[in-house]
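Computed from the coordinates by the stated procedures, all read-outs in this text should not be read as laboratory data. Bear in mind that the values here come from a model prediction, so they are computed numbers and not experimental data. Note that we place each Cβ from the backbone using ideal geometry, even for glycine, and neighbour counts take in every protein chain shown.
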Amino acid sequence: MSLEGIELGQGYGERQPVVLLLDTSASMGRPVEHPRIDELNEALARWFDGIRARERLRTRMEVCLITFDSEVRVHDPGPGRLVPVEEADADRVFVPVRELRPPTLRAGGLTRLTDAVEAALGLVRSRHRTLQQQRVPVRRPFVWVLTDGAPSDAQGRPLDTPALADTAAKVRRGEEDREWVFQVIGVRDADLPTLRVLAPKATSSLAHLDFGRIIDLFFHSTDDSSPDLAADVIHAQIEERAAKQARMERLERDLL
């Protein structure tokens, strides 16, 4: 049987699970005249509509989209909506990147980031193991976090270092065991010192970069990262790419 023309999702070819963990808390609804959440929705729709031009991404990556505010929700491609994380089946919520049709996101509520991270790690670990059990060639998964704030508890209080310690340890242990690569991108008014408690070597600031370019950074950095590299080396590469994109953005603004 010829495998020519067979793409991801049809049983052949290398896979790479990717989680997009997106902040949809109330701060993403600001500023009122042009809310960040509207920018993010536009960027997601535009980027995924254009994915067909990127063959390697189209044929290899499968994506799970998770949002976090006062609740953690996962995009279920069946009904095409966000569902509570308790209802998410890892083998259903990871879909070929070319098939992802992001839902319209709305901003409101708190910033339950640690709950979202724990959910993401559980789903990506489950999906990775399923692919291994099916003897499908699989690359190390990536988990990308995009946030403009700081983690909070169920009452909206900012989490301190001890409260982040358990989740941070799980993230780091998984990276050391090469279960995943975990990267945080802080935008606008993100609390970078607190985020760096969660991911000390894997938190980058892209305060002024538009969401379309950030999504592009997610997928191109994932695609370009060698599976043989240690996570810390990959983080350094991502930081370098992010800094380059930020410089280009500033240059373009200066030329206007």
What length, rounded to one decimal in nm, is gained on full extension from Q155 through to V233, with 0.36 nm per residue of separation minus their alpha-carbon distance?
24.4 nm
Using 0.36 nm times the number of residues separating E99 and T130, minus their current alpha carbon distance, what extension gain do you get?
9.2 nm
Gained length - R253 relative to E14, 0.36 nm times residue gap less alpha-carbon distance:
82.1 nm
Taking a label point 7 Å from the Cα of R196 along the Cα→Cβ vector, which residues of the range 146-181 have an amide N closer than 20 Å to it?
146-152, 158-173
For A243 and A207, extending 7 Å from Cα along the Cα-Cβ vector and measuring point to point gives, in nm, a value of 1.6
Indicate, rounded to the nearest 5 percent, the antiparallel portion of the DSSP beta bridges found entirely in the chain.
30
Under 11 Å from the Cβ of F211, count the other residues' Cβ atoms, weight Lys and Arg +1, Asp and Glu -1, and hand me the total.
-2
